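In what follows, a single structure is set out as structure tokens and then discussed.
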Amino acid sequence: MKEIRNIAIIAHVDHGKTTLVDKMIYACETLDSRKERKELILDNNDLERERGITIVSKNVSVEYKGTKINIIDTPGHADFGGEVERVLKMADAVLLLVDAFEGPMPQTRFVLTKAIALGLKPIVVVNKVDKENCTPDIAHEAVFDLMFNLGATEDQLDFTTIYGSAKNGWMSTDWEKPTDNILPLLDAVLETIPPTPVMEGTPQMQITALDYSSFVGRICIGRVLRGELEVGKDYKLCTTNGEKKVRIKELQVFTGLGKTNVDKVRSGEICAVIGIDDFEIGDTIADLENPEVIERIAVDEPTMSMLFTINNSPFFGKEGKFVTSRHLRDRLMKETEINLALRVEETDTEDKFNVFGRGILHLSVLVETMRREGYELQLGKPEVIIKTIDGKKHEPMETLVVDVPESSSGKVIEIATQRKGMLTIMEPKGDVQHLEFNIPSRGIIGMRNKVLTATAGEGIMTHRFREYGPWVGDIGGANKGSIISGAKGSATEYSINKLQDRGRFFISAGEEIYEGQVIGEHSRDNDLEVNVVKGKQLTNMRKSGTDEATKIAPKIQFSLEEAMEYIRKDEYVEITPLSMRLRKIYLTEASRKASGKK
Ligand SMILES: Nc1nc2c(ncn2[C@@H]2O[C@H](COP(=O)(O)OP(=O)(O)OP(=O)(O)O)[C@@H](O)[C@H]2O)c(=O)[nH]1
Ligand SMILES: [Mg+2]
């Protein structure tokens with residue numbers, strides 16, 4: 001029987017996991033199947049490509065020196081931590097990547113905590129040693145200290161470290177002695193990670209991931225923990241609502257970037273099971289006669305919630321295919337089956353749903369996916385989830401790391417402090433200042449924009465949930481008011497130009513707008529209703545030779561996340577397949593006044 005090693009690649013966001021997995025596949029491919037590649041082959045869905053991040057974990061495998069290595073690439077962004085937690089259950093060991101310049105970051109700590117708790121031994125890969133001013137030895141030492149502090153065992157602390165540059169395609173046991181391939185890493189995997197054990201007994205496999213195929217429907221993915229699975233045989237599926245008989249129609253194992261059909265899968269192997277439709281992640285496939293359940297995966301609780309509602313703006317239904325509350329409900333419920341860290345609650349109104357997630361990106365990826373599928377919807381302001389612990393109000397607290405040019409560190413500290421951030425670390429790192437804060441999640445909402453402005457786009461900010469802490473009180477930093485359109489129609493250049501001194505606009509001339517749409521930010525802290533639809537004829541009176549258009553400042557264009565973080569409590573973000581608008585929940589001034597008096 002061929003030996004197997006199951007490894008998961010974990011790290012902070014952008015430390016180079018997917019790049020490394022790509023290189024591992026390339027290194028083990030036969031020469032003639034190698035193709036020129038420009039982009040990462042693994043980050044293969046549209047959103048992943050556009051954003052350059054991994055959103056869902058992926059299974060691939062390579063064959064090296066006669067051993068099969070199953071590799072699980074995981075996302076590094078904190079919002080997708082739930083995904084990492086569950087796929088770690090398939091692994092025997094982890095490759096922990098650390099950027100040689102940045103060292104361990106908040107998400108490194110999180111994924112390492114989970115790996116240590118599961119008793120997985122790491123191989124540490126200090127990556128990006130090609131970066132200028134990087135400090136591989138310090139990064140290595142910092143990982144050791146971190147593991148020690150996290151309570152790693154002697155055996156876990158006795159880890160192997162490999163240095164290199166995934167991007168440049170080399171790994172070495174000594175960073176000062178570059179090689180021209182990544183084989184030293186693959187050798188370390190074979191040498192330091194024991195072969196996956198074969199466990200005799202009745203079959204058990206926990207479903208830890210899911211795949212779709214338009215031919216066969218839902219596919220379960222997991223690791224056979226004990227015994228064997230066989231095609232055509234009957235098993236028990238153990239769910240939260242009891243057990244039922246199921247038959248396996250097909251079995252597949254991961255080979256390279258694809259899958260291969262097999263008749264039997266041994267324990268220790270990771271496989272895809274076809275023929276079981278009605279399952280949830282966390283269910284166990286077990287012996288028909290003597291089913292034994294594998295304990296369900298407990299995933300960390302959501303920390304943020306946001307209202308999802310149908311689009312009822314004056315422009316609804318122009319672009320979307322799915323616009324009813326029924327559509328919205330079904331789509332959200334379907335998502336909870338695969339998105340473990342997501343929770344959906346119905347409200348007392350049938351077209352409103354509270355969706356709970358791990359952060360802005362976690363929620364916005366869902367929204368972006370839905371709009372691409374043809375949905376129209378509206379979003380309320382995201383809010384953190386408050387808890388009562390021992391009779392006292394508690395809120396989520398996060399570790400916030402900002403690396404900024406020295407010259408703007410003062411401004412960043414001021415922004416964070418206004419938002420109740422406590423500066424915990426401030427130290428130079430290469431030519432930037434490394435700042436760490438302990439800050440309530442509430443304070444982080446809307447902060448990225450401010451930091452980017454204050455640092456001329458050079459501040460790099462990451463954060464991750466730490467723990468629930470006592471409520472820190474109201475957060476200051478007066479917000480500006482909104483500029484609201486008082487009429488429906490096409491915005492004119494003339495009237496936008498005339499109002500430019502009142503604030504900044506989110507629309508440009510010629511755009512169709514409606515009454516109650518938020519079309520700009522007022523320079524003061526109250527809302528301002530204006531009419532930018534009128535005055536069409538007046539534009540004809542322009543003196544020849546003056547070009548008014550050039551005087552209008554370009555509109556501010558938000559990304560979806562920015563818009564979500566920007567809106568006020570009495571506003572929605574309206575999302576359709578092609579457009580995004582901000583609006584007041586109450587569209588007319590009269591109804592806003594009436595609602596304010598209630
Ligand atoms: N300089 C340098 N850049 C690297 C190296 N490895 C990866 N990168 C770059 O770092 C960026 C992130 O790489 P990814 O492989 O997508 O990182 P990741 O860890 O998979 O990121 P997430 O999946 O989003 O957590 C890309 O721009 C890579 O080209 C390296 O060894 N040196
Ligand atoms: Mg990745």
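The values are calculated or read from the model by the stated rules, or taken from the named source; none is laboratory data. Everything numeric here is computed off the predicted structure, so don't read it as measured data. All Cβ positions, even for glycine, are placed from backbone atoms using ideal geometry, and neighbour counts span all protein chains on display.
Filter region 440-472 for residues that are surrounded by fewer than 20 Cβ atoms within 10 Å (Cβ to Cβ), in a loop (DSSP other than H, G, I, E, B) and in contact with a strand residue (DSSP E or B) (Cβ under 9 Å, 6 or more places away or on another chain) and give the result. Listed by number, the residues that qualify are ALA456, GLU458, TRP471, VAL472. Here LYS38 fulfils each of the conditions (1) at pLDDT 90 or above; (2) more than 9 Å from ligand 1 (Cβ to nearest atom) apart from (1).
Does region 27-40 include one or more residues that are within 21 Å of the chain's Cα centre (by Cα) and part of a loop (DSSP other than H, G, I, E, B)? Yes.
Got a sec? Which of PHE110, PHE80 is aromatic (Phe, Trp, Tyr), in contact with a strand residue (DSSP E or B) (Cβ under 7 Å, 6 or more places away or on another chain) and either more than 23 Å from GLY169 (Cβ to Cβ) or more than 16 Å from ligand 2 (Cβ to nearest atom) (or both)?
Every option except PHE110 fails the conditions.
For region 1-15, filtered to residues that are surrounded by fewer than 24 Cβ atoms within 10 Å (Cβ to Cβ) and closer than 19 Å to ILE41 by Cβ, the residue that is farthest from ligand 2 (Cβ to nearest atom) is ILE7.
The listed residues are GLU132, GLU63, GLU85, and the only one of them that is part of a loop (DSSP other than H, G, I, E, B), at pLDDT below 95 and charged (D, E, K, R) turns out to be GLU132. Here is the figure for region 474-495: residues that are in a loop (DSSP other than H, G, I, E, B) and hydroxyl-bearing (Ser, Thr, Tyr) total 1.
Among the residues making up region 473-498, those that are surrounded by fewer than 18 Cβ atoms within 10 Å (Cβ to Cβ), of a type in the set (A, V, I, L, M) and more than 30 Å from ASP14 (Cβ to Cβ) are ALA478, ALA487.
Looking only at region 88-106, decide whether some residue is buried (at least 24 other Cβ atoms within 10 Å of the Cβ), within 13 Å of ligand 2 (Cβ to nearest atom) and under 22 Å from the mean Cα position of the chain (by Cα). There is at least one residue in region 88-106 that is buried (at least 24 other Cβ atoms within 10 Å of the Cβ), within 13 Å of ligand 2 (Cβ to nearest atom) and under 22 Å from the mean Cα position of the chain (by Cα).
Looking across region 567-598, the residues that are touching a Phe, Trp or Tyr at 6+ places or on another chain (Cβ under 6 Å) and at pLDDT below 95 come down to ARG592, SER595.
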